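Just so you know, all these numbers are worked out from the coordinates, no wet-lab data involved. The structure displayed is predicted, hence computed values, not measured ones. Because the Cβ atoms are built from the backbone with ideal geometry, glycine has one as well, and the counts that use them run over all protein chains shown.
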């Protein structure tokens, strides 16, 4: 059988070391693949004016499966100032390449599991009624609509006249904003469509059914954002009644959810939300399992089979220039495990996940975040494991 080809997109900052180390884990676990490098990120914005070159899109279209490290994004003016001088007259505007990637390939399903590792000193704990300490195990999976909503990119500062005229047909806009000069307005839209809202709800219910979760929780704000959140809740009610009567449907508002997840996180299994609220909820749950060093994400299109797998942390450029990399690679390793599960390499995926669990439970090798240290270059001399040492420990548990 021919080896599968995986597209590697290290991106910026710490993306390269965590991705390089993760490939070592995949090799040691027996996953056989060819890897091709693809360009993405800040370097290509600065020197080419495009952080997501067409050549990268072509590679992903051809090979379908990609592992992604991290990117740096900066505000509009800073991004413009860092362009190569010869590009500054071309009216280029920076846009997030990962958002562009999602929209180009219609990667509308985003899945973010947040599961506790036993023995992780960063796990969430709470006081029990008798004054003791409880450590509830978190096992939540957030399904985030990935291409619409507030991240859809439909926005303006000083909106065009036809957009302003359309806004003026809305009574709430006339009442609250018509006195504001048009040139002082900035408008971002939150667009939900029935097709893609239905798809993310379906993915959440199917996951709950497949893995035995008793409920799906819709985390939106339908009592205030009546049209978009309201449509999502209505579709969820209809779907649950018609197709998944054995699975309970819960409805929580995003603000209340952020409070409840630190009171009884063990009560939540599958959560589904739009783009922004799903992003918020997944980062909230990630905090309960140790932070972004343990949080991974899959984004895929079920029809085309294209999938991109990544940690949810950023590029952390302040750590990128250290002589020895100190960052926790587990989130990137988890992303690779999700990739393996997606391409039906479940045995290798389970083997790696168990190795990570064994290392965390043993507690002998811990990165600086697990030791609750500040991310300084000298943490290695104080007993923290480097990125490479953590991966060495994981590989040793694979044997």
Going fewest to most other Cβ atoms within 10 Å around each Cβ, 180, 219, 46, 110 line up as 180, 46, 110, 219
Measuring from label point to label point, each 7 Å out along Cα→Cβ, what is the residue 303 to residue 318 span in nm?
4.4 nm
Gyration tensor verdict on the range 183-284 (Cα atoms; rounded if a/c is under 1.5, prolate if a/b is larger than b/c, oblate otherwise):
oblate
Among [x] -0.46, -1.11, -1.24; [y] -0.39, -1.07, -1.24; [z] -0.46, -1.21, -1.36, the entry that matches log10 I(q)/I(0) by the Debye sum over Cα atoms at q = 0.08, 0.13, 0.14 Å⁻¹ as calculated here:
[z]
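What shape does the range 131-258 have by the C-alpha gyration tensor, where a ≥ b ≥ c are the square roots of the eigenvalues, rounded means a/c under 1.5, and otherwise prolate means a/b greater than b/c and oblate the rest? All intermediate terms of the calculation are to be shown ahead of the outcome.
Working: a/c = 2.73, a/b = 1.98, b/c = 1.38.
Prolate, since a/c reaches 1.5 and a/b exceeds b/c.
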Most mobile listed residue (195, 351, 175) in the chain, GNM with C-alpha springs under 10 Å:
175
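Rank the residues 381, 193, 252 as a footprinting-exposure proxy: fewest other Cβ atoms within 10 Å of their Cβ go first.
381, 193, 252
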Among 172, 298, 38, residue whose mean-square fluctuation peaks in a GNM of the chain (springs only between Cα atoms under 10 Å):
172
The extension gain from residue 27 to residue 58, computed as 0.36 nm times the residue separation minus the Cα-Cα distance, is 8.6 nm
Take every Cα pair under 8 Å in the chain that's 6+ residues apart, average their separations, divide by the length, and report that relative contact order as a whole percent.
21 percent
Distance from the range 116-165 to the range 264-337 (C-alpha centre basis), Å
11 Å
Residue with peak Gaussian network fluctuation, the chain [Cα springs, cutoff 10 Å], from 105, 205, 177:
177
Between residue 266 and residue 224, what is the label-to-label distance in nm when each label sits 7 Å out along the Cα-to-Cβ direction?
3.1 nm
For residue 256 and residue 34, what does the FRET efficiency come to when R0 = 51 Å and r is the distance between their Cβ atoms, rounded to the nearest 0.05?
0.60
For the range 367-397 and the range 216-244, what is the centre-to-centre distance using only Cα atoms, to the nearest Å?
43 Å
For an R0 of 25 angstrom, estimate the FRET efficiency from the Cβ-Cβ distance between residue 161 and residue 93 and round to the nearest 0.05.
0.75
Can you classify the range 1-66 as rounded, prolate or oblate using the Cα gyration tensor, where a ≥ b ≥ c are the square roots of its eigenvalues, rounded means a/c under 1.5, and otherwise it's prolate if a/b beats b/c and oblate if not?
oblate
The range 84-108 and the range 1-65: distance between their alpha carbon centers, rounded to Å:
18 Å
Kindly rank 136-144, 160-168 from highest to lowest mean number of other beta carbons found within 10 Å of each residue.
136-144, 160-168
Coarse-grained scattering of the range 276-399 at q = 0.22 Å⁻¹, given as base-10 log I(q)/I(0) from a Debye sum over alpha-carbon atoms:
-1.36
The chain: antiparallel DSSP beta bridges as a percent of all, rounded to 5
45 percent
Using a Förster radius of 45 Å, what is the FRET efficiency between residue 77 and residue 350 based on their Cβ-Cβ separation? Nearest 0.05, please.
0.40
